[in-house]
Amino acid sequence: MLKKVLPIASVFVLGFGLITTACGQKPKDFKQEYKPIYDYYVLGESFEQEVETKFHNALAKKQNEIIYIDQTMQQNKNLDFFTQSNLQEISLRKQNQNVSSNYELLSQREKDALNNDLNKITKNSKLEETILDSMKPEINFYSSILDFKNVDQKWFDGLSYDFNNIDFGYLNFDKENKNYIANVNLGLVFTYQYTDINKNIIKNNYHEDIVITISNQNDIIENLKFTTSELRENLIKNKFEWAWFDAYDLRVNDYARLFNLSNSDFENLFKFDKFEKSLLSYIYEHNTNLSKPTQSYNFAFKDENRFKHFKSIDKISNFDPRQNKYGSNELILDDTVSTTNTNNINLFKTIFSQLITDDQIVLENKFVKGNQDIYAYLSKEYKTWVSNFQSNVNEELNINSDSLVNFGEVTLNNFCLYFDEFNYYHPISPISYYVGISANNFNDSYLNGESEMVKNKIVLPDQDPIFKAIYLNTMSALQIFQESYGTSKTTWKSLSDNQQLISLKSSNILQSRAATTNDKSISDVNAQLSLLNNKSSTYSAESDRQSFLNKTNSSSFHFQFNNSEELQNIPIIEMNNNQLIFKKFKEGSSNLSVDFNLSFLNLSFVIKSEKFYWFERTLIESI
């Protein structure tokens with residue numbers, strides 16, 4: 001449970017520079033240390049996503065050169081393993097031998113031949129070169145986590161093959177046994193590494209299953225290439241019904257879920273026979289190779305388990321790891337009576353104090369109870385986030401949709417070539433295609449073929465289903481945050497009041513520290529507030545963080561105390577019983593900021609009240 005994790009934020013005493021006590025005691029020397037742990041976490045997470053996306057896209061681009069072997073390739077590459085006689089022999093062994101792994105069917109000579117053939121094929125496809133070239137523009141951005149102690153170490157650790165679930169299939173489909181089709185199923189693995197904040201190496205790998213088809217029939221190869229190349233790009237462009245999913249289609253009653261969809265949201269959709277018929281009709285309509293009368297096979301699904309997984313590629317968001325403070329919106333808190341300051345303070349209290357939902361607001365043309373502070377803030381900002389996202393989709397796919405909130409990819413399962421005469425299903429390498437997710441696509445201009453001018457129609461927040469989705473997502477996430485962290489109603493009316501910024505109900509959040517406990521830095525506190533594990537040598541997220549993200553339907557979460565002006569001038573924070581107290585800045589004066597990112601609230605509250613810094617101020621108190 002989160003409340004069992006959060007107390008570890010309480011064991012920290014933070015200090016930098018010199019602190020003079022109120023009694024005039026001799027200044028105490030504090031270890032000056034600051035490590036931007038969350039910055040490294042974000043970089044590492046972003047790097048993993050970037051590398052795996054580059055690998056996936058490169059494989060999708062090059063897969064037809066890897067997964068299909070015809071007679072010409074066999075001869076030109078002088079392949080030893082991928083031959084008709086060898087694959088036929090292995091298939092017979094599979095039928096007659098009982099082994100725990102199909103890899104055991106192979107002799108050592110065959111294992112070596114398989115590796116050699118795969119290396120020839122992947123080298124010829126220039127898959128590695130494609131991946132490395134696509135990453136070149138990104139290397140400088142990630143330089144801080146690619147700084148290895150050993151100069152010979154590189155971020156890319158090579159391609160390899162996973163034979164744990166290897167499988168073989170073979171079919172002769174004419175009377176003379178001359179025409180054949182065979183398959184070898186295996187995993188393609190891309191291994192890479194980077195460093196954490198302490199220069200410890202984080203090793204990762206990205207795995208994709210592939211099915212290699214070997215045949216001496218060119219028409220089979222050409223038909224298969226259509227499914228593994230044309231479908232991916234074109235189904236969404238051609239408005240294929242099963243590439244455009246709406247909240248209604250997904251049975252997502254709560255729009256908050258649209259930004260963090262899981263496989264379970266899609267699994268039942270593809271079990272309908274209507275999907276299979278629609279996809280097959282599309283293939284037969286667009287693939288001219290299927291018109292040959294001599295063909296003895298058809299495309300088919302082996303069973304109703306037609307869906308493998310959904311992957312979100314991009315979605316409406318306001319969190320950008322490439323921007324300063326991740327693109328957070330800076331909001332000033334001071335002691336003025338201005339409307340702006342009042343609004344900012346109310347928003348701060350709403351997040352860190354009490355989430356009131358008694359205000360009357362309008363969502364999608366209906367009066368409902370809600371929170372006016374969140375509603376007002378999102379109303380001003382959300383158009384920018386929506387515009388940026390939909391522009392990205394347009395740039396990626398040349399689609400001018402105005403209803404999309406999420407852009408992803410669906411991968412199919414058990415799609416095969418079926419040879420009716422032999423009742424034989426030949427597996428096809430997993431095929432995937434782009435899909436769009438919307439809050440309400442009934443009036444989507446792209447789907448309805450409307451002009452560009454009509455597409456740019458102005459929709460007010462209270463009418464917009466996308467705004468409703470953003471609002472509901474934010475409110476749901478905030479409610480879970482406040483329940484998990486135990487926020488309590490704030491009593492201060494202005495920053496000049498000598499009251500704690502944030503009150504927490506749980507006495508376990510901040511605990512008295514034993515005298516023997518090692519002092520900790522502000523870095524440790526910030527890491528724990530963001531549910532990051534800083535006990536070991538890495539900053540990997542604990543399971544509770546992922547659980548929290550899943551519950552809040554979010555993909556990022558950040559909560560820390562920082563300096564709003566420069567990273568080097570770090571605030572000094574001290575622990576006293578159940579209080580987290582601000583003392584001073586390491587050098588000179590500056591402004592403290594409370595940085596918070598959850599759902600669509602990516603905010604940096606900057607405290608610019610001189611009175612706030614006159615005395616020691618309690619940032620968090622557990623009451």
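On the basis of being part of a helix (DSSP H, G or I), modelled with pLDDT of 95 or more and either more than 25 Å from ARG322 (Cα to Cα) or open to solvent by 50 Å² or more (accessible area, probe 1.4 Å) (or both), does ASP167 make the cut? Talk me through it step by step, then tell me what you get.
Working: part of a helix (DSSP H, G or I): no; modelled with pLDDT of 95 or more: yes; either more than 25 Å from ARG322 (Cα to Cα) or open to solvent by 50 Å² or more (accessible area, probe 1.4 Å) (or both): yes.
No: the conditions fail for ASP167.
So in segment 174-202, with the set limited to residues that are of a type in the set (S, T, N, Q) and farther than 28 Å from LEU43 by Cβ, which one is modelled with the lowest pLDDT? Give the steps one after another, and end with the answer.
As a first pass, look at segment 174-202 and keep what is of a type in the set (S, T, N, Q): 177, 179, 183, 185, 191, 193, 195, 198, 200.
From the residues that got through so far, the ones that are farther than 28 Å from LEU43 by Cβ too are 177, 179, 183, 185.
Details: ASN177: 74, ASN179: 89, ASN183: 98, ASN185: 98.
Restricting to residues being of a type in the set (S, T, N, Q) and farther than 28 Å from LEU43 by Cβ, the top hit is ASN177.
Residues in segment 491-525 that are buried (at least 19 other Cβ atoms within 10 Å of the Cβ) and at pLDDT 85 or above: LEU495, GLN500, LEU501, ILE502, SER503, LEU504. Considering segment 129-156, the residues that are among the polar types (S, T, N, Q) and closer than 24 Å to ILE37 by Cα include one that is most open to solvent (accessible area, probe 1.4 Å), namely ASN140. Can you find even one residue in segment 108-125 that is in a loop (DSSP other than H, G, I, E, B) and closer than 27 Å to LYS178 by Cα? Taking every residue of segment 108-125 in turn, none turns out to be in a loop (DSSP other than H, G, I, E, B) and closer than 27 Å to LYS178 by Cα.
Would you point out which residue out of ILE212, ILE197, ILE202 is touching a helix residue (DSSP H, G or I) at 6+ places or on another chain (Cβ under 7 Å), in a strand (DSSP E or B) and either touching a residue at least 24 places away in the same chain (Cβ under 8 Å) or closer than 30 Å to PHE148 by Cα (or both)?
On the way: ILE212 fails: touching a helix residue (DSSP H, G or I) at 6+ places or on another chain (Cβ under 7 Å); ILE197 fails: in a strand (DSSP E or B).
On inspection, the qualifying residue turns out to be ILE202.
From the list LYS274, LYS225, the one residue that fits, being part of a helix (DSSP H, G or I) and more than 29 Å from GLU364 (Cβ to Cβ), is LYS225. Evaluated against (1) at pLDDT 85 or above; (2) surrounded by fewer than 20 Cβ atoms within 10 Å (Cβ to Cβ); (3) over 30 Å from ASN406 (Cβ atoms), SER547 falls short on exactly one condition, (3).
I'd like the residue in segment 197-245 that is of a type in the set (Val, Ile, Thr) and open to solvent by 20 Å² or more (accessible area, probe 1.4 Å) and, out of all such residues, is nearest to the chain's Cα centre (by Cα). Steps first, please.
Initial filter on segment 197-245 (of a type in the set (Val, Ile, Thr)): 197, 201-202, 210-214, 220-221, 227-228, 236.
Within this subset, residues satisfying the condition of being open to solvent by 20 Å² or more (accessible area, probe 1.4 Å) are 197, 201-202.
On the way: ILE197: 21, ILE201: 22, ILE202: 18 Å.
Looking at residues that are of a type in the set (Val, Ile, Thr) and open to solvent by 20 Å² or more (accessible area, probe 1.4 Å), I get ILE202.
If you scan segment 246-268, which residues turn out to be without any contact (Cβ under 8 Å) to a residue 40 or more places away in the chain and crowded, with 17+ Cβ neighbours inside 10 Å? Residue satisfying the conditions is VAL252 alone.
Among the residues of segment 591-600, none qualifies, meaning not one is touching a residue at least 40 places away in the same chain (Cβ under 8 Å) and open to solvent by 60 Å² or more (accessible area, probe 1.4 Å). Whether a residue is farther than 30 Å from SER46 by Cα, modelled with pLDDT under 90 and outside any strand (DSSP E or B) was assessed, and SER537 does not pass this test. Checked against the criterion of being among the small types (Gly, Ala, Ser), within 22 Å of TRP242 (Cβ to Cβ) and within 25 Å of the chain's Cα centre (by Cα), the candidates SER387, SER391, SER401 yield just one match: SER401.
Taken over segment 65-76, the criterion of being buried (at least 17 other Cβ atoms within 10 Å of the Cβ) and in a helix (DSSP H, G or I) is satisfied by ILE66, MET73, GLN74. In segment 548-562, the residues that are closer than 14 Å to ASP254 by Cβ form Cβ pairs under 7 Å with partners that are outside any strand (DSSP E or B) and among the aromatic types (Phe, Trp, Tyr), at six or more places apart or across chains, as follows: THR552/PHE481; ASN553/PHE259. When restricted to residues that are in contact (Cβ under 8 Å) with a residue 12 or more places away in the chain and in contact with a Pro (Cβ under 9 Å, 6 or more places away or on another chain), segment 378-397 contains 3.
Quick one: is SER429 more than 23 Å from the chain's Cα centre (by Cα), of a type in the set (Ser, Thr, Tyr) and either at pLDDT below 95 or assigned to a loop (DSSP other than H, G, I, E, B) (or both)? It would help to see each step written out before you state the result.
Working: more than 23 Å from the chain's Cα centre (by Cα): yes; of a type in the set (Ser, Thr, Tyr): yes; either at pLDDT below 95 or assigned to a loop (DSSP other than H, G, I, E, B) (or both): yes.
It is true that SER429 is more than 23 Å from the chain's Cα centre (by Cα), of a type in the set (Ser, Thr, Tyr) and either at pLDDT below 95 or assigned to a loop (DSSP other than H, G, I, E, B) (or both).
Please work out if THR490 is in contact with a helix residue (DSSP H, G or I) (Cβ under 9 Å, 6 or more places away or on another chain), assigned to a loop (DSSP other than H, G, I, E, B) and not charged (D, E, K, R). Yes: the conditions hold for THR490. Here is a list: ASP303, ASP335, ASP320. Which entry is open to solvent by 40 Å² or more (accessible area, probe 1.4 Å), assigned to a loop (DSSP other than H, G, I, E, B), of a type outside the set (Gly, Ala, Ser) and closer than 30 Å to PHE173 by Cα? Of the residues listed, the single one that is open to solvent by 40 Å² or more (accessible area, probe 1.4 Å), assigned to a loop (DSSP other than H, G, I, E, B), of a type outside the set (Gly, Ala, Ser) and closer than 30 Å to PHE173 by Cα is ASP303. So for segment 86-106 (the condition being at pLDDT 95 or above, touching a Leu at 6+ places or on another chain (Cβ under 6 Å) and farther than 21 Å from TYR424 by Cβ), does at least one residue qualify? No - not one qualifying residue is present in segment 86-106.
Filtered by the rule that a residue be in contact with a strand residue (DSSP E or B) (Cβ under 7 Å, 6 or more places away or on another chain) and either surrounded by fewer than 21 Cβ atoms within 10 Å (Cβ to Cβ) or not in a strand (DSSP E or B) (or both), segment 386-407 gives PHE389, GLN390, ASN392, VAL393, LEU397, SER401, SER403.
Considered as a group, the residues in segment 338-377 that are part of a loop (DSSP other than H, G, I, E, B) and free of Cβ contacts under 8 Å to residues at least 60 places away in the same chain include one that is most open to solvent (accessible area, probe 1.4 Å), and that residue is ASP358. Does segment 128-146 contain any residue that is assigned to a helix (DSSP H, G or I) and within 22 Å of ILE428 (Cβ to Cβ)? Taking every residue of segment 128-146 in turn, none turns out to be assigned to a helix (DSSP H, G or I) and within 22 Å of ILE428 (Cβ to Cβ). Can PHE319 be described as among the aromatic types (Phe, Trp, Tyr) and touching a helix residue (DSSP H, G or I) at 6+ places or on another chain (Cβ under 6 Å)? So PHE319 passes the test. Tell me whether segment 309-317 contains one or more residues that are within 30 Å of LEU224 (Cβ to Cβ), in contact with a Phe, Trp or Tyr (Cβ under 6 Å, 6 or more places away or on another chain) and open to solvent by less than 30 Å² (accessible area, probe 1.4 Å). The answer is yes, given that some residue of segment 309-317 is within 30 Å of LEU224 (Cβ to Cβ), in contact with a Phe, Trp or Tyr (Cβ under 6 Å, 6 or more places away or on another chain) and open to solvent by less than 30 Å² (accessible area, probe 1.4 Å).
The values are calculated or read from the model by the stated rules, or taken from the named source; none is laboratory data. On a predicted model such as this, the values are computed, not experimentally measured, just so you know. In this analysis, Cβ positions are derived from the backbone assuming ideal geometry, glycine residues included, and neighbour counts consider all displayed protein chains. Remember, those area values only see protein heavy atoms, side chains included, never the ligands or the DNA or RNA. Shrake-Rupley method; radii C 1.70, N 1.55, O 1.52, S 1.80 Å.
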